[in-house]
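Each remark here refers to the structure printed beneath this line.
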Amino acid sequence: MFEKKELRELVIQGGVYMTQYSRKFEERVSWEAPDENKLYSFIPGTIIDIFVKPKQKVKEGETLLLLEAMKMQNQVRMPFDGEIVQIHVKKNEVIPNRFLMIEIKPKK
Amino acid sequence: MSLRSNVLDLRKRRKEVQMGGGEKAMEKQAKMGKLNARERILALLDKNSFHEYDLFVEHSAKDFGMESKVLHGDGVIIGTGTIDGKPICIFAQDFTVEGGSLGLAHARKITKIMDHALKMRVPLIGINDSGGARIQEGVNSLAGYGEIFFRNTLASGVIPQISVILGPCAGGAVYSPALTDFVFVVENISKMFITGPSVIKSVLGEEISMEELGGARVHAEITGNAHFYATTEQECFEQIKTLISYIPRSNSKKAMPYPIKAPLKGKKIEEIVPVDPRIPYDMRDVIKTLTDSSEFFEVMEHFAPNIIIGFGRLDGETTGFVANQPMVLAGVLDCDSSDKAARFIRYCDAFNIPIVTLEDLPGYLPGVDQEHAGVIRHGAKILYAYSEATVPKVTVILRKAYGGGYIAMNSRHLRADFVFAWPTAEIAVMGPEGAANIIFRKEIAEAENPEEMRQQKIKEYKEKFANPYVAASQGYIDEVIEPKETRSRILHAMKVSENKSVYLPSKKHGIPPF
C-alpha cells in the first residue's frame, strides 16, 4: 500500500519549507549538461557492427557503428573531426537507451 | 405449445446464456480473485434493480472458425438499474466469454447502452475486463472501439461517465476509460497499458512486470490515469456508490442535496494551521472542519498529492474542493498538480458543482525536469479552467499566496466570486526571503554583516508586504476573516451565489492548452 513519508526540506525562492517528497519528485532524473565527447544510445537496441578502434583518427560524418533498433539499422556517425578515446560496447551487445557507447575527442 | 412451455423455454435459454463462458471459465475467473461480470453488476446496483437487455445478441463473424463459435451475450452484459435509487446505465465485459474480447456485436451492445444513457441523461458505468480486440473480427473490432470513443466524447460533460477497470484493459481499449470522467482501479486486478510487457521486451529489451508497467498503483500514483484506488472489488463498488451520491445525474441537474449536518467536533481550524508559513500541516484536516459531518471524498488521492481535490457537502449541497497541500512538496504547483486540478475544476463546472479553493502555496516547483516537462503549458490549464468556470467560486487564502501561484489559485482576477484571507495570509509577488534578496541585493552585499542585514530586510519586507492588507486595500480580496469564521463565510457566500448567472462570449469551443 501507500507508506507514510518523512518531512524533509524543500527550498522555493529562498524560503525553506518542511514537507514530504512525492514518489515522482524523488524519482525525477536530474539534468546533466550534454557532453559532446560522449556518444550515448538514443534508443535501446543491438550493436550490429563497430568500424573503429581506440586512438583511431576519424573524420566528421564517418560511421562509427551500427545500432539496430525497431528493425532499423542506425548509423552512429562522428560529429566532428577527432579521435576515438574509448569504446564501451561490443559487437552483438544489446544495450538500453541512454547507454554510453563511445568516447571521442576533437582534433587539436 | 402452451404459454407455460414457452415461458419455460425462455427461462432455459436465459439460464444458459447467463452462464457466460461456462462453469470452468467462471471457476478460473474466481481463482484469479475476480468476481464475474454479473456478480459485479449485482454487487454494485440496488437489490433487484438490474434489468438486462440484448441477452440473446450473437455475433455474425464468419472467418477463422468464428462461424461455429457460440459466444454468450458476445462477452458483455448491458442494462439499467439504480444506485441508491438513482437511475444508471451499465455495461460489464465478461472475461469468461472469449476473454471478454471486443467484436462487432459486443461493441454494438455497449454503444446501445451508451446511446440510452445519453438520451435518458443518466450516468454511464462501464466495467472493463477484456483481453482487447477480437482479432478474428478484424477491422470490425476496431470500428467497434471507434464508435465507443466517439460516444464517450459526445457524452463528455453531459452525463457522468465512470470506468471501472476490473481486469486487463490494453491497447486501444484503454482510450475509452481515458475519455471518461472517473476511472476506478483495484490492486492486483486492474491492468492498463498501450503496449504490454512482452512487446516492450522484444522491441526495446526493457523487462518489466504487468503490475509495474500498468497496475493499479502505477495509474493511481504515477500516470494519473486512475482517480480511485481500492484494494478489493467490494471496496471499489463502495467508492462508486459514494461518488454517485455526490454528483448530479446530468449537466442540466444539480447534485441531490443531503440533510444539513454540522462538522464533527474535533480539532479547531485555527489549531490545525501553524502560523509559521514554513511548517506543514495536513490540508485535509482543514477541509474536514468545513464540510458537513466532516466528510470529504477525495479524488486522485495518490497522484500529485501536493494538491488536493475532492467532494464535500456544505449545508447539504455538493461542493468541489481544490486545495494546496503544504504537507507534500510544500503544496507547490507543478505539471501534474496543475493538470489534476484543472480537470477537476472543469468537471465541477460542467456539472454545476460550486468550487471552494483553499490556498497555501509558495509558488511553482523549480527544476529542469519541470520546465522540460512543460510546466508552462500544464500550468496554463489551471488558469484556463478557473477563468472559464461559471459555477460559484469561493477562495480562502490561509497563509502563502505568492506570485503566479496567487493568480492561479482562483484569484479575483480569474473571476472568483468571493475571496477571503486569514490574517496570517501573505499575499505578495514572492516570499519575503526571495523578495529581500532581490530588492535589497546591494544593501545586503555592502553591509558589514550581510546575513544580519538580510534577516533585517526579510523582516521589513514581511511586515510591509507579506500580509493580506495590501491586497485588501486594492479590493483584490473581499474581506480578512478570522479562521473560525471560515465555514460560516463560505456557507453565506455560496448561499448568495445560488442564482449566479454569467455569460461567456459565444464560441464553438475554447482551445484549452491540452
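The values are calculated or read from the model by the stated rules, or taken from the named source; none is laboratory data. What you are looking at is a predicted structure, and each value in this text was computed from that prediction instead of being measured. All Cβ positions, even for glycine, are placed from backbone atoms using ideal geometry, and neighbour counts span all protein chains on display.
Just one of the listed residues (B:TYR364, B:TYR386) is touching a strand residue (DSSP E or B) at 6+ places or on another chain (Cβ under 9 Å), aromatic (Phe, Trp, Tyr) and farther than 25 Å from B:LYS254 by Cα, and it is B:TYR364. Within region A:28-56, the set of residues being part of a loop (DSSP other than H, G, I, E, B), in contact with a Leu (Cβ under 9 Å, 6 or more places away or on another chain) and modelled with pLDDT under 90 comprises A:PHE42, A:ILE43, A:PRO44. Taking the conditions (1) closer than 30 Å to A:GLY15 by Cβ; (2) among the acidic types (Asp, Glu); (3) touching a residue at least 12 places away in the same chain (Cβ under 8 Å) in turn, B:GLU295 satisfies each one other than (1). Just one of the listed residues (A:MET78, A:MET70, A:MET101, A:MET18) is at positive phi and aliphatic (A, V, I, L, M), and it is A:MET70. Summed over region B:286-311, residues that are in contact with a Leu (Cβ under 7 Å, 6 or more places away or on another chain) and part of a loop (DSSP other than H, G, I, E, B) total 2. Scanning region B:111-153 for residues that are closer than 14 Å to B:GLN93 by Cα, of a type in the set (Lys, Arg) and under 23 Å from the mean Cα position of the chain (by Cα) returns no hits.
Yes or no, residue by residue, for (1) hydroxyl-bearing (Ser, Thr, Tyr); (2) touching a Pro at 6+ places or on another chain (Cβ under 6 Å); (3) within 20 Å of B:GLY131 (Cβ to Cβ):
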site: B:ALA25; (1), (2), (3): no, no, yes
site: B:TYR53; (1), (2), (3): yes, no, no
site: B:GLU58; (1), (2), (3): no, no, yes
site: B:LEU71; (1), (2), (3): no, no, yes
site: B:ILE90; (1), (2), (3): no, no, no
site: B:VAL97; (1), (2), (3): no, no, yes
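Assess whether A:PHE25 counts as being part of a loop (DSSP other than H, G, I, E, B) and more than 16 Å from the chain's Cα centre (by Cα). Taking the combined requirement at face value, the residue does not satisfy it. Counting only residues that are over 22 Å from B:VAL286 (Cβ atoms), out of contact with any Lys or Arg (no Cβ under 6 Å at 6 or more places or on another chain) and aliphatic (A, V, I, L, M), which one in region B:415-454 is surrounded by the most Cβ atoms within 10 Å (Cβ to Cβ)? Restricting to residues being over 22 Å from B:VAL286 (Cβ atoms), out of contact with any Lys or Arg (no Cβ under 6 Å at 6 or more places or on another chain) and aliphatic (A, V, I, L, M), the top hit is B:MET430. Set side by side, the residues B:ILE148, B:ILE162, B:ILE189 differ, and just one is modelled with pLDDT of 95 or more and part of a loop (DSSP other than H, G, I, E, B), which is B:ILE189. If you go through region B:83-122 and keep only what is closer than 18 Å to B:LEU44 by Cβ and surrounded by fewer than 17 Cβ atoms within 10 Å (Cβ to Cβ), you end up with B:ASP84, B:GLY85, B:PRO87, B:HIS116.
When we screen B:ILE481, B:ILE397 for residues that are modelled with pLDDT of 90 or more, assigned by TED's automatic domain parsing to the domain that holds B:MET283, within 34 Å of the chain's Cα centre (by Cα) and farther than 21 Å from B:TYR364 by Cα, the only hit is B:ILE481.
The residues listed here are B:LYS28, B:LYS24, B:LYS34; of these, the one that is more than 23 Å from B:ARG108 (Cα to Cα) and either assigned to a loop (DSSP other than H, G, I, E, B) or not assigned by TED's automatic domain parsing to the domain that holds B:GLU235 (or both) is B:LYS34. Applying the condition of being under 22 Å from B:ALA493 (Cβ atoms) and surrounded by fewer than 23 Cβ atoms within 10 Å (Cβ to Cβ) to region B:293-312 and asking which residue is nearest to the chain's Cα centre (by Cα) yields B:GLY310. Before we move on, is A:MET101 crowded, with 19+ Cβ neighbours inside 10 Å, touching a residue at least 60 places away in the same chain (Cβ under 8 Å) and more than 30 Å from B:PRO280 (Cβ to Cβ)? Answer is yes for this residue. Number of residues in region B:174-195 that are more than 23 Å from B:TYR347 (Cα to Cα) and of a type in the set (D, E, K, R): the value is 2.
The numbered conditions (1) surrounded by fewer than 16 Cβ atoms within 10 Å (Cβ to Cβ); (2) in a loop (DSSP other than H, G, I, E, B); (3) more than 11 Å from chain B (Cβ to nearest Cβ) are all true for A:GLN75 except (2). A count restricted to region B:327-349 and to residues that are of a type in the set (A, V, I, L, M), more than 17 Å from B:ASN225 (Cβ to Cβ) and under 16 Å from the mean Cα position of the chain (by Cα) stands at 1. Can you tell me how many residues in region B:318-373 are in a loop (DSSP other than H, G, I, E, B), within 14 Å of chain A (Cβ to nearest Cβ) and touching a helix residue (DSSP H, G or I) at 6+ places or on another chain (Cβ under 9 Å)? Looking only at that region, the number is 10. Residues in region B:401-451 that are charged (D, E, K, R) and farther than 13 Å from B:PRO468 by Cβ: B:ARG415, B:ASP417, B:GLU433, B:ARG441, B:LYS442, B:GLU443, B:GLU446, B:GLU448, B:GLU451. Only one of the numbered conditions (1) touching a residue at least 12 places away in the same chain (Cβ under 8 Å); (2) within 14 Å of another protein chain (Cβ to nearest Cβ) is not met by B:ILE240, and that is (2).
Number of residues in region A:1-26 that are without any contact (Cβ under 8 Å) to a residue 12 or more places away in the chain, facing chain B (nearest Cβ under 9 Å) and not β-branched (Val, Ile, Thr): the value is 12. Listed residues B:GLU451, B:GLU463, B:GLU443; which is within 14 Å of chain A (Cβ to nearest Cβ), over 30 Å from the mean Cα position of the chain (by Cα) and either modelled with pLDDT of 90 or more or outside any strand (DSSP E or B) (or both)? When all the criteria are applied, what remains is B:GLU451.
Among the residues of region B:374-400, the ones that are within 14 Å of another protein chain (Cβ to nearest Cβ) and in a helix (DSSP H, G or I) come to 2 in all.
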